[in-house]
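**Student:** One structure follows; several queries about it will come next.
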Amino acid sequence: MDLVLIFFGLLCMILGVLGSFLPVLPGPPISWVGLLLLTLTSAVPDNWWFLGITAAVAVVVVGLDYWIPAMGTKRFGGSRAGMIGTTLGLLVAIIFPVLGIAGIIIWPFLGAVVGELINKSNSQTALKAAFGSFVGFLTGTFLKFLVSIIYFGLFLSKAWDYRSGLFPWFD
């Protein structure tokens, strides 16, 4: 049973890191589930403080992921249309990777500009608001990625510390 928990925990870790970029997957909460699955193995002792603190961090990061782009857009004079355009631009970058890895940066920015122009902003205001929306989006994405990577590192560290109980045939 431990191997199944470790497998699904590792899968959650990978999905969590991917989810920090993909808007349909909540990265840090999925990574936290991976930590929970590792803790549920018979070899790793229960540490409810560890799980509680990491769960709280995951919840705060999810909240900040909504708040930061909104504040970036608002600070630079943008609207909800700019934020929607940013999200749609990211989806275009994921579904149609025409520009490769650069598309993850270019398409959300273009989406924000188009969203602001549709919202009847002039081009100067649209660019300024799109920049704010884009900076907020990048900040939120970086924060989710950082937390997901840290959780992945904690997962690997705990698995390594308790490797003799998790993988007894390797000793």
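**Student:** Tell me, what is the FRET efficiency for PHE50 and ALA102 to the nearest 0.05, using R0 = 45 angstrom and their Cβ-Cβ distance as r?
**Tutor:** After rounding, the FRET efficiency stands at 0.75.
**Student:** Starting at 0 and stepping by 5 Å, how many percent of the alpha carbon pairs of region 2-128 end up in each bin?
**Tutor:** Going from the shortest bin to the longest, the percentages are 2, 11, 15, 16, 15, 12, 9, 8, 6, 3, 2, 1, 0.
**Student:** Please list the radius of gyration and Dmax for region 1-63, considering alpha-carbon atoms only, with Å as the unit.
**Tutor:** 11.8, 34
**Student:** While we're looking at this one, here's another question. Give me the percent of the accessible area of region 56-171 that comes from carbon and sulfur atoms, probe 1.4 Å, all protein chains in place.
**Tutor:** Answer for region 56-171 is 74 percent, counting heavy atoms of protein chains only.
**Student:** Provide the FRET efficiency to the nearest 0.05 for the VAL57-ILE95 pair, computing r from the beta carbons and using R0 = 41 Å.
**Tutor:** The calculated FRET efficiency here is 0.85.
**Student:** If you roll a 1.4 Å probe over the heavy atoms of the protein chains, what accessible area per residue do you get for the chain, in Å²?
**Tutor:** Ligands and nucleic acids excluded, the figure is 57 Å² per residue.
The values are calculated or read from the model by the stated rules, or taken from the named source; none is laboratory data. Quantities reported herein were computed from a predicted structural model and do not represent experimental measurements. Here the Cβ is made from the backbone with ideal geometry for all residues, glycine too, and neighbour counts use every protein chain on show. For the accessible areas, the whole protein counts, side chains as well, though only heavy atoms, and no ligand, DNA or RNA atoms are used. Shrake-Rupley method; radii C 1.70, N 1.55, O 1.52, S 1.80 Å.
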